[in-house]
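Okay, so here's the structure we're looking at.
The values are calculated or read from the model by the stated rules, or taken from the named source; none is laboratory data. What you see is a predicted model, and the numbers here were worked out from it, not measured in a lab. Quick reminder, even Gly has a Cβ in these numbers, built from the backbone with ideal geometry, and neighbours come from all protein chains shown. Accessible surface areas use protein heavy atoms only, side chains included; no ligands, DNA or RNA. Shrake-Rupley method; radii C 1.70, N 1.55, O 1.52, S 1.80 Å.
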Amino acid sequence: MDKDAGRPKWDTPMQFVLACVSYAVGLGNVWRFPYLCQMHGGGGFMIPYMIMLLLEGIPLFYMELAIGQKMRQGSIGAWTAISPYLGGLGIASMVTSFYLCLYYNVINAWSFWYLFNSFQSKLPWAECPLNSNRTGPLEECEKATPTQYFFFRETLNVAPSINENGGVHTGQALCLLLAWMLTYLFIVKGVKSTGKVVYFTATFPYVVLFIYLIRGLTLHGALNGVKFMFTPKMEELANPNTWINAATQIFFSLGLGFGSLIAFASYNEYHNNFERQAIIVSMINSGTSIFASIVTFAIYGFKATFNFESCQERVRLLLLNTFDLAEDSISIDNVNEWIGKLNQTYPVQFAEIAGKMETCDLETELSTAVEGAGLAFIVYSEAIKNMPLSQLWSVLYFFMLLLLGMGSMLGNVTAIITPLRDFKLLTRHLSIETLNGIVCVVCMLLGLGFTTRSGSYWFTMFNDYGATFSLLFIVLLEVIAVSYIYGIRRFEKDIEDMLGHRPNWYWKIMWAVVSPLLLVALFIFYIVSYIQGGTPTYAAWDKDTGKTVVMQYPVFGQIFIGLLLASSVSCVPVAALYAYCKKRERANRKTERQSISTISS
C-alpha cells in the first residue's frame, strides 16, 4: 500500500505526535488565549471554547491528518490527487504559510533580543535611561514606562507612523539571521532532523511553564489573578463575539489550513493510527492553553496587585503630606476609609488635592486585557523586573518563548518545503539540504523589511490580514471538497483502509454538516466585520505622549492589505481555470489525433 517507498518517514509515531504538538502549541497558547479569557469573562470563556473544540477543532484536525497520510504528498499534490481542479487549494495553503514564515520568525528575533539582554546585572527595561544631560530619566521613557520604552524604542526603534521608513535595526537583523540559521539547522535534512529536534522543542516549554507555575503561585497577589480567571461571567455566553472568538482561537491554535499537518502526516506509515493522535494532540493543545493561562493569570495577579498597592501607597503619602498626619496613622489597608473621613472633615483642603488623587482599583487592573506582543514583551517583562532573581526568570521565560516560536516555525517551513520537494523537477537538480537552504534564505531576506523602523507596522499588517481570511476560505473549501467532491463514503473507505475501521457517526456529522456551517458563519462574520470596520487601522507609537495611538493605514497600506487578502485566495480559481484549460487542450489534441487517424484509414 506504500505509494512512495523512497519517501522519508518519521522514525516513530511519537516523533510525529511531538512534531504536531510542537507546531500546534505555540505563541497563541501563551498570549492570545489568556487575552480572550480576560476579555470574555474568565472561566466563562472555557465553555464555548471546549464546545468549539469538539464541533470544529478535532474533526478538522483529524481530516487533515487523514488526507496527508492517505495521499503521501504535500498540500498541492494531496489536493490535486483529490481533484485536478483543487490544486490551487494546496498553492493557497503554501502561499499563506509563506506569509507566516516571513513575519513569524521576527517574533523569534525579538525573543533572542530579550534573551541576550537578560544577561545583565540589571535588566535594561527595569528603569529609564538617563537623558543626554544625565540630570534625569529620558522624557519619552518617563511618560511611558521603562518596559514600553525598551520595547518600542530599544527593540524596535519604531517610527511614528508606517509612512516614515528608516534603516534596518542592525541588532534585530542579526537576531533574525540567527533565528533563520537555527530554523535551517532544525529542518536541514527534512523529517530526519526535525524528528529529533521536536523531542526538545515540544517538551522543554512545559518544564519552563511548570517552573513558572510554581514561582507564579508563590508571588504576592498571584491568587487574585487565578481567582479572576476562574470566576466566570456567565452573561458573556450571550455575547456572539465570545463564541466567534472561541471558534477562531481553536481554528488558528491547531494550525489548520496551512498545509503543515498534511505535510507532517504525509511522512507517516500508511497504517499509522492518526485518529488517536488527532484527539491526543488536540487535547494537549487545549490543555496547554488552559495551563499557560493559569501561569499568565498568576503573573497578572502579581503585576495587578503590585500596581494597585503602589497606587494606594502614592495616595497614602499624598494624604500624609497634605494633612500632616503621623506616619503610621494611615496604612494601605485603611487608605480608602481615610479618604472618606478627610473629605468630610477637611473639604476645602481635600478639594485642592482632588486633581492629584488617583483611583486605585484592583478589578480594573486585572481586567485590562492585553494581547500579542504587548502581553509577551511588555506585561511579562513588567512583572519579571519586580521579581527576585529577575534575570533568571527573564532568561527562562524568553528561552521558552523562543522554543515555542521555533517549534511552530518547523511546521510553517515544512508546509512550504514538502510541496516543493514533491515536484520531481526541483528534487532532480537540488538536494533536500540545498532546497531547504534556498527557502530559508529567501524568507530571511524578505523578512529584513520587518526590522526597519516601520517594520513593526508591516508586521501588524501581515499578522492581521496575511492569514485570517485566507485560512477560513481554505479550510471551508477543504471540508466541502472532502465531504461533497471527493465524497464522505470514499473518504470513509480510505480511512478504513488505513486504520482497519470506518469513522463513526460523530466524525461524519461534523465533516458533512456542523463544521461547514460553522466555517460559513465565521467566514460571513469576518467579511461583515471587515466591511463595517471601515478603513483598517493600526497602533502607532507616539513618543510625545508615551502611548500608542490608533492611526488609519495610508492608501498604499490599504492596497497592500487587499493584495494580501486576494493573493492566496485567488490561487484556487486561477489554478482551477488553468486545469480546465489544460484538460480542454488535451481533449482537443485527442480529437485531432482521432481525426488524423480516421483520415489516414
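Summary of computed values
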{"item": "Selection from the range 543-601 of residues that are of a type in the set (Lys, Arg) and under 30 Å from Gly88 (Cβ atoms)", "result": "Lys582, Lys583, Arg584, Arg586, Arg589, Lys590, Arg593"}
{"item": "Residues located in the range 523-552, provided they are in contact (Cβ under 8 Å) with a residue 12 or more places away in the chain and at positive phi", "result": "Gly546"}
{"item": "Scan of the range 205-232 for residues that are touching a residue at least 12 places away in the same chain (Cβ under 8 Å), more than 26 Å from Gly407 (Cβ to Cβ) and of a type in the set (Val, Ile, Thr), ordered by number", "result": "Val226, Thr231"}
{"item": "Check on Leu477, open to solvent by less than 10 Å² (accessible area, probe 1.4 Å), in contact with a helix residue (DSSP H, G or I) (Cβ under 8 Å, 6 or more places away or on another chain) and either part of a helix (DSSP H, G or I) or not hydroxyl-bearing (Ser, Thr, Tyr) (or both)", "result": "no"}
{"item": "Condition check for Gly166: crowded, with 17+ Cβ neighbours inside 10 Å and small (Gly, Ala, Ser)", "result": "no"}
{"item": "Test: Ile299 is surrounded by 12 or more Cβ atoms within 10 Å (Cβ to Cβ), outside any helix (DSSP H, G or I), at pLDDT 75 or above and in contact with a Phe, Trp or Tyr (Cβ under 7 Å, 6 or more places away or on another chain)", "result": "no"}
{"item": "Candidates Leu123, Leu102 - the one that is modelled with pLDDT of 90 or more and in a helix (DSSP H, G or I)", "result": "Leu102"}
{"item": "Residue within the range 542-550 that is out of contact with any strand residue (DSSP E or B) (no Cβ under 6 Å at 6 or more places or on another chain), open to solvent by less than 70 Å² (accessible area, probe 1.4 Å) and farther than 25 Å from Trp79 by Cα present", "result": "yes"}
{"item": "Residue check for Thr322: modelled with pLDDT under 85, among the hydroxyl-bearing types (Ser, Thr, Tyr) and closer than 30 Å to Ile107 by Cβ", "result": "no"}
{"item": "Cβ-Cβ under 8 Å pairs, at least 6 apart or on other chains, the range 345-366 side under 28 Å from Tyr300 (Cβ atoms), far side part of a helix (DSSP H, G or I) and open to solvent by 70 Å² or more (accessible area, probe 1.4 Å)", "result": "Glu358/Arg314"}
{"item": "In the range 228-270, residue nearest to the chain's Cα centre (by Cα) [restricted to those that are of a type in the set (Ser, Thr, Tyr) and in a helix (DSSP H, G or I)]", "result": "Ser253"}
{"item": "Residue in the range 389-401 that is in a loop (DSSP other than H, G, I, E, B), closer than 30 Å to Pro124 by Cα and not basic (Lys, Arg) present", "result": "yes"}
{"item": "Candidates Tyr212, Tyr206 - the one that is closer than 24 Å to Leu115 by Cβ and open to solvent by less than 10 Å² (accessible area, probe 1.4 Å)", "result": "Tyr212"}
{"item": "Any hit, the range 492-511, residues being small (Gly, Ala, Ser) and either out of contact with any His (no Cβ under 8 Å at 6 or more places or on another chain) or surrounded by 17 or more Cβ atoms within 10 Å (Cβ to Cβ) (or both)", "result": "no"}
{"item": "Residues located in the range 99-123, provided they are closer than 14 Å to Lys385 by Cα and aromatic (Phe, Trp, Tyr)", "result": "Tyr114, Phe119"}
{"item": "Residue ID - surrounded by the most Cβ atoms within 10 Å (Cβ to Cβ), chosen from residues in the range 215-230 that are touching a Phe, Trp or Tyr at 6+ places or on another chain (Cβ under 8 Å) and farther than 28 Å from Cys20 by Cβ", "result": "Gly225"}
{"item": "Qualifying residue in the range 126-136 (condition: at pLDDT 90 or above, open to solvent by 80 Å² or more (accessible area, probe 1.4 Å) and not in a loop (DSSP other than H, G, I, E, B))", "result": "no"}
{"item": "Exclusive hit being more than 30 Å from Leu477 (Cα to Cα) and over 24 Å from the mean Cα position of the chain (by Cα), set Asn131, Asn108", "result": "Asn131"}
{"item": "Thr434 vs. criteria part of a helix (DSSP H, G or I), open to solvent by 20 Å² or more (accessible area, probe 1.4 Å) and at pLDDT below 85", "result": "no"}
{"item": "Some residue of the range 444-460 being open to solvent by less than 50 Å² (accessible area, probe 1.4 Å), closer than 30 Å to Gln69 by Cα and of a type outside the set (Asp, Glu)", "result": "no"}
{"item": "Given (1) farther than 20 Å from Ala202 by Cβ; (2) open to solvent by 10 Å² or more (accessible area, probe 1.4 Å); (3) among the aliphatic types (A, V, I, L, M), number of the condition Ile280 does not satisfy", "result": "(1)"}
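Here's the yes/no breakdown for (1) of a type outside the set (A, V, I, L, M); (2) open to solvent by 10 Å² or more (accessible area, probe 1.4 Å):
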site: Met71; (1), (2): no, yes
site: Gly88; (1), (2): yes, no
site: Val95; (1), (2): no, yes
site: Leu102; (1), (2): no, yes
site: Lys122; (1), (2): yes, yes
site: Glu139; (1), (2): yes, yes
